[in-house]
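K.L.:
Questions regarding the structure given below will be posed in turn.
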Amino acid sequence: MTDPVLDELLRPYRDQIFYLGHVHGSKPRLPLWFKHFDRGPDGAGEAYHLGIFGKTGSGKSVLAKMILLAYARYPKMALLVIDPQGEFARDMKKGGTSGEFALPVGDVARKLGKQPVTLTVRNLVLDRWELFEQILFESLFFERLTVPKGENRELACGVLADKLQKAKIKLADLHQRKSFDAAWALLQDDKVQKVFYRTEASRARFDTALHEADPDEFFNDYWRPVAELFREDRPGAKSINKALAWLLSLTNDDGAPRDNRPILVIDLSKEQAKGLFWNDKIQSLVIKRLLDGLGQTAEYFYKENQSLNALVVIDEAHRLAPRELPSEDDAARGVRGVLIDAARTTRKYGLGWLFISQTLSSLHPEILQQLRIFFFGFGLALGQEFQSLRQLVGSSGTALDLYQLFRDPHSAFDAKSRQYSFMTIGPVSPLSFSGSPLFLNAFNTVEAFLDANDLST
Ligand SMILES: Nc1ncnc2c1ncn2[C@@H]1O[C@H](COP(=O)(O)OP(=O)(O)OP(=O)(O)O)[C@@H](O)[C@H]1O
Ligand SMILES: [Mg+2]
């Protein structure tokens, strides 16, 4: 096979073909196709879930960025990236790249007419009373009022949120002193106290703590950092609903059809969050809220007989959907639960997921089961990983023999001779009709990738 022969054979599909690299151990480029998830000539008619696996440094993130650009060619597709290290966020900036393979993802996307926007998780404004209850529960507010973590505190948070709502106080106004004053007054109300402390003795203890406390200190140190998360006029912040509507809407503000749906990157990397109450639990609650919103929107589109036509990329997916989780970590279990559920249900809504993970065993098995397209990079040839791989690929021995010949890219002497090899299974190529795996070496220069796909600037 040579490139001209392949080109001729695949002429009818030329517009759909996308290249990530060359056939492993050979010259021609491996023709792949990444169809969008709606109906129509370039569409698959349903979403695909994809997975990229391989040990650290095997080139997963780079491959994911190339695939992201394959989908970015479709104006109608909306793309969401959950970015644990801030790596995609960096790449989206003007002239931004990361790592040795300096792919300017943002610049190429902009050239394709797609606008990338990055939000840190902390810039997502929370918009549910339920979240206020949960976050107040996690915070030091009630701790300092001598209410330990447990059922009483849960009840206290619940009744406080309830009464504040009844007093017509808005979530977005919770950061104001007058909202705090209202809350502080509510807590002194005997009827309110009775909701979370039954015995007179506990109520008396709480009441004493409340009266000895300095309201100014409580407002500044314990209330505001929580309430700020719900504040809509925080600079640079967007409510979760608005962010999702911006990403997924099919029309502009004036109701005209939109030319191109954007790319939204949610940056989860750690950075200073001044004046905000923040920890991993809060992060999990925010991500869950975002994913819930996405699922609801997808369902809504489905009822309107429309495909959401969106892809969510989750790098280091084992962090959000691990196989093992301590049973007490409710917030993290919540996120994993939505992901498992989404992998099962959202395909028919036109919502696809690309999960990236270093090992097969670290990702929850129910998610693995739902993947249609796999890319396996270097590093899964041993022990338990190899067993899992064998299960997924089937026992077609020769494919696994070839896979085992993959070399660690970083064992190569110089950068130029490094090979980032992948085995792929699933309907990702006009050549994958037989169901047997295909093998590729990813392009090892940015130019080769851009040229092959007519993306050069
Ligand atoms: N096809 C490629 N050609 C040249 N360099 C590459 C290629 N793929 C990856 N690299 C480089 O190799 C390094 C590791 O790649 P990458 O970050 O994609 O690995 P990874 O599998 O995502 O690792 P981790 O699991 O640690 O995130 C980076 O510096 C990257 O730029
Ligand atoms: Mg990576």
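K.L.:
Check off (1) buried (at least 16 other Cβ atoms within 10 Å of the Cβ); (2) in a helix (DSSP H, G or I) for Arg234 and give me the number that stays unchecked.
P.N.:
Unmet for Arg234, out of (1) buried (at least 16 other Cβ atoms within 10 Å of the Cβ); (2) in a helix (DSSP H, G or I): (2).
K.L.:
Applying the selection to the range 81-93, what residues are touching a Gly at 6+ places or on another chain (Cβ under 7 Å) and assigned to a loop (DSSP other than H, G, I, E, B)? Walk me through how you get there before you give the answer.
P.N.:
Quick first cut of the range 81-93, residues touching a Gly at 6+ places or on another chain (Cβ under 7 Å) only: 90-93.
The answer is Lys93, and nothing else.
K.L.:
Could I ask something else about it? Exactly one condition in (1) surrounded by fewer than 14 Cβ atoms within 10 Å (Cβ to Cβ); (2) more than 37 Å from the chain's Cα centre (by Cα) is false for Gly150; which is it?
P.N.:
(2)
K.L.:
Looking at Gln387, Gln369, Gln419, which is the one that is away from ligand 2 (no atom under 16 Å from the Cβ), more than 30 Å from Leu247 (Cα to Cα) and surrounded by fewer than 18 Cβ atoms within 10 Å (Cβ to Cβ)? Outline the logic, then answer.
P.N.:
Values: Gln369 fails: more than 30 Å from Leu247 (Cα to Cα); Gln419 fails: surrounded by fewer than 18 Cβ atoms within 10 Å (Cβ to Cβ).
One residue alone meets the criteria, Gln387.
K.L.:
If you don't mind, there's one more thing I want to ask. Please determine, by comparing only the residues of the range 106-135 that are within 23 Å of Val446 (Cα to Cα) and touching a Ser or Thr at 6+ places or on another chain (Cβ under 8 Å), which one is surrounded by the fewest Cβ atoms within 10 Å (Cβ to Cβ).
P.N.:
Result: Lys111.
K.L.:
Identify all residues within the range 294-339 that are in contact with a Phe, Trp or Tyr (Cβ under 6 Å, 6 or more places away or on another chain) and within 16 Å of ligand 1 (Cβ to nearest atom); write none if there are none.
P.N.:
Ile314, Ala317
K.L.:
Report every pair of residues separated by at least 6 positions or lying on different chains whose Cβ atoms are under 6 Å apart, first residue within the range 345-356 and surrounded by fewer than 24 Cβ atoms within 10 Å (Cβ to Cβ), second among the small types (Gly, Ala, Ser) and not in a helix (DSSP H, G or I).
P.N.:
Arg347/Ala47
K.L.:
Let me ask something else. Run down Pro326, Pro322 and say which single residue is under 30 Å from Val286 (Cβ atoms), of a type outside the set (Gly, Ala, Ser) and exposed (fewer than 13 other Cβ atoms within 10 Å of the Cβ).
P.N.:
So the residue among Pro326, Pro322 that is under 30 Å from Val286 (Cβ atoms), of a type outside the set (Gly, Ala, Ser) and exposed (fewer than 13 other Cβ atoms within 10 Å of the Cβ) is Pro326.
K.L.:
Consider the range 45-80. How many of its residues are within 12 Å of ligand 2 (Cβ to nearest atom) and not in a helix (DSSP H, G or I)?
P.N.:
To start, the set of residues in the range 45-80 that are within 12 Å of ligand 2 (Cβ to nearest atom) comprises 52-65.
Of the ones still in play, those that are also not in a helix (DSSP H, G or I) are 52-59.
Total meeting the criteria: 8.
K.L.:
Restrict the check to the range 331-339 and report whether at least one residue is crowded, with 17+ Cβ neighbours inside 10 Å, away from ligand 2 (no atom under 16 Å from the Cβ), free of Cβ contacts under 8 Å to residues at least 40 places away in the same chain and under 23 Å from Gln134 (Cα atoms).
P.N.:
yes
K.L.:
Just for the range 307-330: of the residues that are touching a residue at least 60 places away in the same chain (Cβ under 8 Å) and assigned to a loop (DSSP other than H, G, I, E, B), which one is farthest from Gly40 (Cα to Cα)?
P.N.:
Glu316
K.L.:
If you check Asp254 against the conditions, is it outside any helix (DSSP H, G or I) and not assigned by TED's automatic domain parsing to the domain that holds Arg333?
P.N.:
Values: outside any helix (DSSP H, G or I): yes; not assigned by TED's automatic domain parsing to the domain that holds Arg333: yes.
Against the criterion (outside any helix (DSSP H, G or I) and not assigned by TED's automatic domain parsing to the domain that holds Arg333), Asp254 qualifies.
K.L.:
Further question on the same structure: Enumerate the helices (runs of 4 or more DSSP H) found wholly within the range 96-209, keeping only those where 1 or more residues are modelled with pLDDT of 95 or more and under 30 Å from Leu264 (Cβ atoms). Reasoning before the result, please.
P.N.:
Details: elements: 105-111, 129-138, 151-166, 177-188, 190-196.
Because the criterion is at least 1 residues that are modelled with pLDDT of 95 or more and under 30 Å from Leu264 (Cβ atoms), the helices (runs of 4 or more DSSP H) in the range 96-209 that meet it are 105-111, 129-138, 151-166.
K.L.:
Give me a count of the residues in the range 273-282 that are surrounded by fewer than 18 Cβ atoms within 10 Å (Cβ to Cβ) and assigned to a helix (DSSP H, G or I).
P.N.:
2
K.L.:
Tell me the residue from Thr445, Thr359 that is surrounded by fewer than 19 Cβ atoms within 10 Å (Cβ to Cβ) and out of contact with any strand residue (DSSP E or B) (no Cβ under 9 Å at 6 or more places or on another chain), please.
P.N.:
Values: Thr359 fails: out of contact with any strand residue (DSSP E or B) (no Cβ under 9 Å at 6 or more places or on another chain).
Answer to the selection: Thr445.
K.L.:
Yes or no: the range 434-442 includes at least one residue that is within 16 Å of ligand 2 (Cβ to nearest atom), within 24 Å of Gly57 (Cα to Cα) and of a type in the set (S, T, N, Q). Quick ask: steps written out before the conclusion?
P.N.:
Within the range 434-442, the first condition is being within 16 Å of ligand 2 (Cβ to nearest atom), and the residues that meet it are 442.
Add one more test, that the residue is within 24 Å of Gly57 (Cα to Cα), and what stays is 442.
Retained after the next criterion (residues that are of a type in the set (S, T, N, Q)): none.
Looking through the range 434-442, none of the residues is within 16 Å of ligand 2 (Cβ to nearest atom), within 24 Å of Gly57 (Cα to Cα) and of a type in the set (S, T, N, Q).
Let's see how each residue does on (1) crowded, with 18+ Cβ neighbours inside 10 Å; (2) away from ligand 1 (no atom under 16 Å from the Cβ):
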position: Tyr74; (1), (2): yes, yes
position: Leu79; (1), (2): yes, yes
position: Asp83; (1), (2): yes, no
position: Phe88; (1), (2): yes, no
position: Lys93; (1), (2): no, yes
position: Phe101; (1), (2): yes, no
position: Phe137; (1), (2): yes, yes
position: Leu145; (1), (2): yes, yes
position: Glu154; (1), (2): no, yes
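The values are calculated or read from the model by the stated rules, or taken from the named source; none is laboratory data. Quick caveat: nothing in here was measured; it's all calculated off a predicted structure. Please note: Cβ atoms are built from the backbone with ideal geometry, for glycine as well, and neighbour counts cover all protein chains shown.
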